[in-house]
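The values are calculated or read from the model by the stated rules, or taken from the named source; none is laboratory data. If you're wondering where the values come from, they're calculated on a predicted model, not measured in any experiment. All Cβ positions, glycine included, derive from the backbone under ideal geometry; neighbour counts span all protein chains shown.
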Amino acid sequence: MAKVVNGRFTAKMDEPFAVFMIGMRINNFLAVRKWLPTVRAMGPMLRELHKHPEKGFLGADFFFHLRGPMLVQYWRSFDDLEHFAKNTDDPHLPAWRRFNKTVGSDGSVGVWHETYIVEPGNYEAIYVNMPILGLAKATEHIPAIGRRETARKRLMREKPGS
Amino acid sequence: MSANARWEREVSVSKEVMSGRFTARTDESFVVFVMGVRVNRVFAFRSWVGLMWSLRSMLRELRGRPETGFLGGHTHFCWRGVTLFQYWNSYKELEKYSRNPDEGHMPGWQKFNRRVRKGGAVGLWHEAYLVGPGCYEAVYADVPMSGLARATTCVPAFGGKETRRRRDIRNGTNDVDGKDEEISVAVAPEVAREAG
């Protein structure tokens with residue numbers, strides 16, 4: 001289990017990055033043969049991404065609610081994310097095709113994603129008594145002291161050239 | 001319509017699966033705010049029960065009050081905690097809400113600092129992203145109206161407009177040129193303004 005780091009920390013990233021949230025929703029719990037393969041498709045994809053940091057994947061965190069999981073992923077750029085999603089040699093495209101063939105639009109499983117492109121300095125983060133996670137895990141985990149103490153200072157501080 | 005009635009209508013919308021593919025449309029900049037609480041010591045009930053409770057009342061307070069700048073959000077769980085995903089109109093409004101002593105956040109935060117922070121029984125975190133006009137893309141397939149689509153405008157995906165918008169994001173030309181009037185993506189440097 002992740003070790004808690006006591007104190008106040010923040011994340012440091014001088015480059016632009018992309019945040020990608022992806023989730024699924026089990027609309028029909030009885031359709032196990034539809035949703036189970038969808039859940040299981042994520043593992044191999046993440047393993048592949050962790051093994052190949054050059055693909056632009058920076059890190060991910062896992063969340064869930066009653067009807068299914070969601071992931072927040074951090075990427076170096078939207079291009080890298082898209083390249084991974086569309087590259088026939090990477091595991092996403094075959095999994096997506098499989099999903100379209102087996103589930104398609106029958107409504108038993110829903111999927112969604114949102115991507116945000118974040119320019120340098122247009123983020124701020126704070127972690128108090130938390131294990132290293134989120135953007136800090138994906139980029140750099142540093143103490144939130146001095147010029148990084150308050151939200152506004154952090155936001156201004158990360159502006160390019162400051 | 002009262003705030004509560006509006007909220008009840010929202011809840012019924014949030015349960016109904018929409019078949020087909022949809023996306024979110026907004027020409028404005030917005031802020032994505034992710035906030036989580038983690039229970040580090042489960043048996044320190046006195047530290048975390050109150051905190052979770054104030055989180056709940058904060059969410060209730062924000063419901064159906066667009067004037068605060070809160071656009072909507074969803075709650076997920078993670079190992080040992082909960083995480084809120086929220087969409088805000090601007091960073092300024094988010095900041096104003098969080099610092100207003102008459103709203104629920106400020107007293108909750110002070111209580112956390114006073115009673116809990118040093119002991120380390122509970123962890124707190126947040127991340128905020130300032131997203132410029134057009135610097136996002138989203139797809140929802142066979143899910144209820146949720147996330148950014150619910151917080152802004154939900155429209156069917158993959159019409160000509162949407163395909164073009166996605167292509168423009170890809171090419172990095174999403175925020176300029178005005179060549180294509182159909183892509184109604186505003187150019188205003190909103191994000192810079194908010195931060196400054």
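The set of residues in segment A:99-150 that are in contact with a strand residue (DSSP E or B) (Cβ under 7 Å, 6 or more places away or on another chain), under 21 Å from residue B:132 (Cβ atoms) and not in a helix (DSSP H, G or I) comprises A:113, A:114, A:115, A:116, A:117, A:118, A:122, A:123, A:124, A:125, A:139.
Out of B:168, B:177, which single residue is more than 19 Å from residue B:70 (Cβ to Cβ) and modelled with pLDDT under 65?
Exactly one of B:168, B:177 is more than 19 Å from residue B:70 (Cβ to Cβ) and modelled with pLDDT under 65, namely B:177.
Within segment A:66-81, is even one residue among the aromatic types (Phe, Trp, Tyr) and either at positive phi or in a helix (DSSP H, G or I) (or both)? For segment A:66-81, residues among the aromatic types (Phe, Trp, Tyr) and either at positive phi or in a helix (DSSP H, G or I) (or both): present. In segment A:93-120, how many are crowded, with 19+ Cβ neighbours inside 10 Å and away from chain B (no Cβ under 13 Å)? So the count comes out to 0.
Per this entry, residue A:58 is not counted among residues that are within 20 Å of residue A:98 (Cβ to Cβ) and either more than 12 Å from chain B (Cβ to nearest Cβ) or modelled with pLDDT of 90 or more (or both). Total residues in segment A:1-38 satisfying the condition of being within 25 Å of residue B:42 (Cα to Cα) and part of a strand (DSSP E or B): the figure is 7. Residues in segment A:122-159 that are closer than 16 Å to residue B:92 by Cβ and not basic (Lys, Arg): A:122, A:123, A:124, A:150, A:151, A:155, A:156. Whenever a residue of segment A:143-160 is modelled with pLDDT of 75 or more, its partners that are polar (S, T, N, Q) and not in a loop (DSSP other than H, G, I, E, B), lying with C-beta atoms within less than 7 angstrom and at least six residues away or across chains, give the pairs A:144/A:10; A:148/A:10; A:154/A:10. Annotation note: Cβ proximity below 7 Å between a residue of segment A:20-43 that is more than 12 Å from every other protein chain (Cβ to nearest Cβ) and a residue that is part of a helix (DSSP H, G or I) and of a type in the set (Ser, Thr, Tyr) (sequence gap 6+ or interchain) occurs for A:37/A:102. For segment B:59-77, the set of residues classified as buried (at least 18 other Cβ atoms within 10 Å of the Cβ) and either under 25 Å from residue A:69 (Cβ atoms) or among the acidic types (Asp, Glu) (or both) consists of B:71, B:72, B:73, B:74, B:76, listed by residue number. Against the numbered list (1) within 10 Å of chain B (Cβ to nearest Cβ); (2) among the β-branched types (Val, Ile, Thr); (3) free of Cβ contacts under 8 Å to residues at least 24 places away in the same chain, residue A:88 comes up short only at (1).
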